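For reference, the structure discussed in these notes is given below.
The values are calculated or read from the model by the stated rules, or taken from the named source; none is laboratory data. All of these numbers come straight from a predicted model, not from anything done at the bench. As a convention, Cβ positions derive from the backbone with ideal geometry for all residues, glycine included, and neighbour counts pool all protein chains shown. Remember, those area values only see protein heavy atoms, side chains included, never the ligands or the DNA or RNA. Shrake-Rupley method; radii C 1.70, N 1.55, O 1.52, S 1.80 Å.
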Amino acid sequence: MRGADLINLLLPDGILDEVLRRVGGAKRDLDACALVCRRWRHVERATRRSAKLAASGARADEVLRLVAERFPALVEVSVDERLSIGAAGAGPACAAARSRHPMYAISPSGRHRRISHNSSFSVHMSPFRLDRPGSDNETERTCLTDVGLTNLARGCKGLEKLSLVWCSSITSTGLVRISENCKNLSSLDLQACYIGDPGLIAVGEGCKLLRNLNLRFVEGTTDEGLIGLIKNCGQSLVSLGVATCAWMTDASLHAVGSHCPNLEILSLESDHIKNEGVISVAKGCRLLKTLKLQCMCAGDEALDAIGLFCSLLESLSLNNFEKFTDRSLSSIAQGCKNLTDLILNDCHLLTDRSLEFVARSCKKIALLKINGCQNMETAALEHIGRWCPGLLELSLIYCPRIQDSAFLEVGRGCSLLRSLYLVDCSRISDDALCYIAQGCKNLTELSIRRGYEIGDKALISIADNCKSLRELTLQFCERVSDAGLAAIAEGCSLQKLNLCGCQLITDNGLTAIARGCSDLVFLDISVLRLIGDMALAEIGEGCSQLKEIALSHCPEVTDVGLGHLVRGCLQLQSCQMVYCRRVSSTGVATVISSCPKLKKLLVEEWKVSERTRRRAGPILSFLCTGL
């Protein structure tokens with residue numbers, strides 16, 4: 001019958017709830033459902049399971065209270081103090097504008113809601129003695145406090161995942177409330193929070209199901225807090241991250257080794273950890289699969305223990321080690337046969353022998369990243385090419401001693417290679433990429449930065465052989481010209497292209513790309529001094545799916561070219577165009593008015609008219625020139 005509301009008439013709440021659960025979880029879709037009618041809004045509120053909230057604003061605590069009241073079924077909440085509750089903006093002008101207008105928050109249903117400044121809701125708390133001392137201007141706080149966290153804990157008792165990022169005013173008091181009310185908590189992220197020992201101990205006592213804990217940049221606590229937590233819930237911990245925490249010593253790692261037998265993921269960055277702490281972890285956490293270490297004071301003995309006791313290890317990242325040698329990776333290779341990912345950053349004492357040990361013993365290596373290991377030469381990579389046929393991703397950053405011949409072996413032996421990253425590898429030329437192109441025909445991503453010996457010969461070979469290439473970065477590859485781009489446009493259907501600093505590229509090269517790569521969604525043509533409006537017109541006509549473009553430092557681009565670009569690229573979401581001397585406020589206004597999906601525009605502030613600022617303030621980002 002026309003006009004009859006058969007869905008609401010026939011479907012009980014339970015069935016409607018099940019329908020909403022199958023919407024897919026996208027916030028936009030759930031918001032749309034909530035706007036159908038009051039009944040749907042009520043059911044959707046009881047259905048929603050996750051929320052990402054801002055924690056910066058004059059009434060952050062009250063916003064969290066409203067969310068907890070109206071969405072009691074939330075099981076995953078992320079709170080980030082870097083996000084503002086008020087209208088998003090950039091620069092001091094926007095901050096001033098926000099302060100002049102009434103305070104609004106975006107409710108989970110998608111509507112703007114005025115927040116009353118006369119709310120009668122209040123919670124009185126006394127922070128723990130060991131937490132951050134009170135400020136003389138407590139009433140001026142404009143970020144989330146323990147009051148808001150208490151509201152969340154009492155309103156969403158089924159909470160399972162909680163992320164508090166840079167919430168600087170949260171103390172142990174708030175964590176105690178979480179531990180008292182949220183017994184099912186399994187994941188806790190306290191990145192850059194100032195938390196005292198009582199808060200961590202309370203979490204350990206109250207949240208026995210805790211599996212994931214991140215304490216990156218956490219201050220205010222000591223070994224006592226982490227040890228207290230681990231002693232109470234260490235049996236359930238599967239993932240632990242502790243980074244840049246000056247308070248941490250080997251005592252905490254002894255507790256991890258003693259009480260966390262099921263730990264599988266450990267990320268540890270500390271200048272105070274020594275061999276003894278890492279050895280304790282290796283002996284006690286024999287199920288480790290992923291290990292990231294940055295321990296300046298640890299050496300070969302620590303990694304010997306990892307190789308001896310952690311036979312299930314699959315991913316290993318070693319960063320800024322100054323005391324370990326080839327002996328360490330020999331131990332890892334002998335004991336960790338299942339290793340698939342190996343990342344070596346600034347390990348200056350390692351030589352070719354290290355990778356030879358790994359390549360011969362760890363045949364499952366799929367990802368290899370070498371950054372700043374200056375003593376590794378061509379032979380290191382040759383061993384990988386000979387013994388690791390399953391390699392999928394290879395990254396070499398500042399490896400000045402590796403030469404072209406190494407890639408001959410990689411091309412011969414690693415036919416499955418998908419991604420190749422080369423940064424500041426001064427001895428690598430066109431020949432290296434020709435070897436890769438001829439042997440690794442499944443390559444989908446190629447990124448080269450400051451490849452001063454890379455030119456058109458390499459690109460032509462890539463275009464002829466790597467038909468699956470989708471992402472290409474050629475930053476400051478000064479020998480690349482239009483001929484190489486034309487070959488790529490003809491042979492590869494690119495989706496992402498970065499040509500920043502390739503000085504020989506002209507309008508002709510970009511015209512070829514525009515006509516051959518219609519699926520392009522990202523394009524960086526910054527610091528191309530020879531391109532002009534004709535290139536932008538061709539891109540606008542041929543790349544209708546483009547979402548992000550960067551064209552800073554392009555002196556020949558004018559307002560006319562921008563007009564042609566935005567007329568065809570209606571999907572554009574991000575645009576960077578600083579230091580384009582022939583672009584005026586008219587061009588900026590053209591971009592703003594023609595791109596309905598634009599989310600970010602980076603430009604000089606003096607090029608933005610008052611009218612454009614009023615119209616598009618939230619999406620404008622200004623280049624800071626006062627530093």
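At a glance:
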read-out: Complete set of residues in segment 306-329 that are at pLDDT 95 or above and open to solvent by 10 Å² or more (accessible area, probe 1.4 Å); value: 308, 309, 311, 312, 314, 315, 317
read-out: Qualifying residue in segment 200-212 (condition: open to solvent by 10 Å² or more (accessible area, probe 1.4 Å), closer than 27 Å to residue 302 by Cβ and in contact (Cβ under 8 Å) with a residue 12 or more places away in the chain); value: yes
read-out: Which listed residue is in contact with a strand residue (DSSP E or B) (Cβ under 6 Å, 6 or more places away or on another chain) and within 30 Å of residue 219 (Cβ to Cβ), from 342, 253, 240; value: 240
read-out: Residue match in segment 271-282 (condition: crowded, with 20+ Cβ neighbours inside 10 Å and at pLDDT below 90); value: yes
read-out: Filtered residues of segment 285-305 (kept if over 21 Å from residue 362 (Cα atoms), within 27 Å of the chain's Cα centre (by Cα) and open to solvent by less than 30 Å² (accessible area, probe 1.4 Å)); value: 295
read-out: Yes/no for residue 574 being open to solvent by 40 Å² or more (accessible area, probe 1.4 Å) and either within 24 Å of the chain's Cα centre (by Cα) or farther than 20 Å from residue 449 by Cβ (or both); value: no
read-out: Among residues of segment 340-360, those that are assigned to a loop (DSSP other than H, G, I, E, B) and over 21 Å from residue 421 (Cα atoms), counted; value: 1
read-out: Near pairs, Cβ below 6 angstrom, 6+ apart or cross-chain, from segment 419-432 (in a loop (DSSP other than H, G, I, E, B)) to any residue that is among the basic types (Lys, Arg); value: 424/450
read-out: Selection status of residue 203, touching a strand residue (DSSP E or B) at 6+ places or on another chain (Cβ under 9 Å) and over 24 Å from residue 68 (Cα atoms); value: no
read-out: Answer residue from segment 398-415, given it is within 29 Å of the chain's Cα centre (by Cα) and within 18 Å of residue 358 (Cβ to Cβ) and is surrounded by the fewest Cβ atoms within 10 Å (Cβ to Cβ) among those; value: 414
read-out: Any hit, segment 579-599, residues being part of a strand (DSSP E or B), under 31 Å from the mean Cα position of the chain (by Cα) and aliphatic (A, V, I, L, M); value: no
read-out: Residue within segment 216-228 that is assigned to a loop (DSSP other than H, G, I, E, B), over 19 Å from residue 281 (Cα atoms), assigned by the TED database to the domain that holds residue 268 and open to solvent by 10 Å² or more (accessible area, probe 1.4 Å) present; value: yes
read-out: Candidate set: segment 229-263, residues that are among the β-branched types (Val, Ile, Thr) and out of contact with any helix residue (DSSP H, G or I) (no Cβ under 9 Å at 6 or more places or on another chain); chosen: the one least open to solvent (accessible area, probe 1.4 Å); value: 238
read-out: Answer from 336, 373, 388, 362 - the residue that is within 21 Å of residue 424 (Cβ to Cβ), open to solvent by less than 40 Å² (accessible area, probe 1.4 Å) and within 31 Å of the chain's Cα centre (by Cα); value: 373
read-out: Residue within segment 531-549 that is farther than 19 Å from residue 594 by Cβ, among the charged types (D, E, K, R) and at pLDDT 95 or above present; value: no
read-out: Unique match (being of a type in the set (Gly, Ala, Ser) and part of a loop (DSSP other than H, G, I, E, B)) among 390, 385; value: 390
read-out: Every residue from segment 600-627 that is of a type in the set (Ser, Thr, Tyr), within 31 Å of the chain's Cα centre (by Cα) and part of a loop (DSSP other than H, G, I, E, B); value: 625
read-out: Residue list for segment 553-571, restricted to those being under 29 Å from the mean Cα position of the chain (by Cα) and either open to solvent by 10 Å² or more (accessible area, probe 1.4 Å) or at pLDDT below 95 (or both); value: 553, 570, 571
